[in-house]
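A short worksheet on the structure shown next.
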Amino acid sequence: MSGIVEGLAKAYVKRWLWKAAAPVAVPVFGVLTLLLIPLAVLAAPEASTASASSSCSIGGTGATVAGTELDAVQMGHAQTIVTVASGDGLDPYAATVALATAYQESRIRMLANDGSSPRLTAEQAAVTATSLNFPHDGLGSDHDSVNTFQQRWIAGWGTVAQLMDPVYAAEAFYRRLIEVPNWQVIPLTEAAQAVQVSAYGSAYARWEPLASELTTMLWPAAQATAADPGGAVAGVCPGLPVASGSWIRPTAGTVTSGFGPRGGTLHAGVDIAGPRDTPVYATADGTVVIAACTSAYCDRDGSLSLTGYGNLVELDHGGGVTTRYAHLSAYTATAGQRVSAGALLGFQGSTGNSTGVHLHLEVRLDGASVDPVPWLADRGVDLQAATIAG
């Protein structure tokens with residue numbers, strides 16, 4: 001994996017009004033302000049309950065581009081594709097070719113493959129189906145094709161695990177694109193077809209206006225990311241309206257692992273799993289103590305062999321009470337910052353000692369971890385609920 005991967009989890013759109021975390025950005029880049037769709041909240045500002053829209057994520061809140069509606073997931077993948085091109089020193093045309101290709105092949109979604117194609121042997125089908133073990137946005141069944149570009153492990157694009165990494169997928173596309181003679185000047189559909197060798201090679205041209213507008217929209221953010229990939233990002237998602245002094249559930253999703261012994265060690269918190277880049281909010285008013293990568297790397301998913309919390313935000317609520325928000329794909333807070341309950345802190349991810357996308361939430365009293373479920377229940381917060389509520 002090349003150096004562009006460095007900092008990419010924190011690299012989604014720096015220094016626009018939202019700064020980085022999002023594939024779409026704000027004020028300083030005027031036209032992009034039109035892309036922000038407010039986060040839906042069900043509670044009034046004075047209420048202690050709030051609900052977050054599932055359409056809001058690190059990838060943005062959706063946009064209409066060249067007459068085509070793209071949701072937050074698609075915008076997130078589009079930003080990754082553009083950011084990789086910028087980081088690899090390629091020009092915007094490379095990103096345009098890649099985006100047109102990805103839209104034709106998958107509608108810019110990370111697709112897994114269940115191996116059901118009759119063209120696969122039983123062994124090939126089994127290997128292809130391992131793509132289901134990785135985060136994905138839907139299923140495909142075309143041969144052994146996977147990911148946003150529908151790349152094939154049998155055709156030498158990489159292992160299934162590599163191909164299910166959005167950054168690797170984009171880099172693999174660009175590696176082959178730059179080998180195409182005169183790729184910078186030949187028609188887009190010819191450049192894309194030379195890389196993809198598709199049965200429908202002329203189809204890519206249809207999406208050139210969409211891809212060109214997307215590139216224009218996302219390129220400044222990609223350049224800002226390449227220039228400064230580290231540090232906190234600023235989020236697309238607004239904070240939640242929560243009454244001062246209230247406690248809330250910090251993120252949407254399902255509790256998948258509770259507090260207690262796990263594999264001979266203490267699992268010091270509770271895991272709440274939702275879609276990748278689901279917003280994570282402050283459970284209560286507090287001051288940011290830590291906002292940093294606490295593992296050897298946080299620019300991509302971690303593993304059980306990696307130590308640390310990955311991207312971590314810790315809040316001090318006073319009275320000896322602190323909360324920790326771990327494994328974030330990116331964080332939006334900075335140390336020393338004062339935040340209110342419902343403030344955006346980051347996004348669910350799988351950085352650090354983790355094998356799946358989730359938020360690891362801890363509650364600590366004078367430094368000692370306690371079970372967050374009953375502790376927060378005493379403050380009116382039901383962690384077993386599927387949505388954010390106080």
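The values are calculated or read from the model by the stated rules, or taken from the named source; none is laboratory data. This is a predicted model, so every value here is computed, not measured. Glycine gets a Cβ as well: all are built from the backbone with ideal geometry, and neighbour counts include every protein chain shown.
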Report summary line: G319 passes all but one of the listed conditions (1) within 17 Å of T251 (Cα to Cα); (2) over 16 Å from the mean Cα position of the chain (by Cα); the exception is number (1)
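One line per residue, one yes/no per condition, for (1) in contact with a helix residue (DSSP H, G or I) (Cβ under 6 Å, 6 or more places away or on another chain); (2) among the aliphatic types (A, V, I, L, M):
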site: Q74; (1), (2): no, no
site: T83; (1), (2): yes, no
site: D91; (1), (2): no, no
site: A94; (1), (2): yes, yes
site: I108; (1), (2): yes, yes
site: G115; (1), (2): yes, no
site: E123; (1), (2): no, no
site: D137; (1), (2): yes, no
site: V167; (1), (2): yes, yes
Query raised in the report: Within segment 79-168, which helices (runs of 4 or more DSSP H) (wholly inside it) include 2 or more residues that are modelled with pLDDT of 95 or more, within 22 Å of L188 (Cα to Cα) and not hydroxyl-bearing (S, T, Y)?
Result: 92-106
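A quick yes/no check of all residues on (1) assigned by TED's automatic domain parsing to the domain that holds Q124; (2) part of a loop (DSSP other than H, G, I, E, B); (3) under 20 Å from M110 (Cα atoms):
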residue	(1), (2), (3)
R176	yes, no, yes
V185	yes, yes, no
T189	yes, no, no
A194	yes, no, no
Requested in this report: State which residue is nearest to G245 (Cα to Cα) when the search covers only segment 318-340 and only residues that are of a type outside the set (S, T, N, Q) and surrounded by fewer than 18 Cβ atoms within 10 Å (Cβ to Cβ).
Outcome: G318
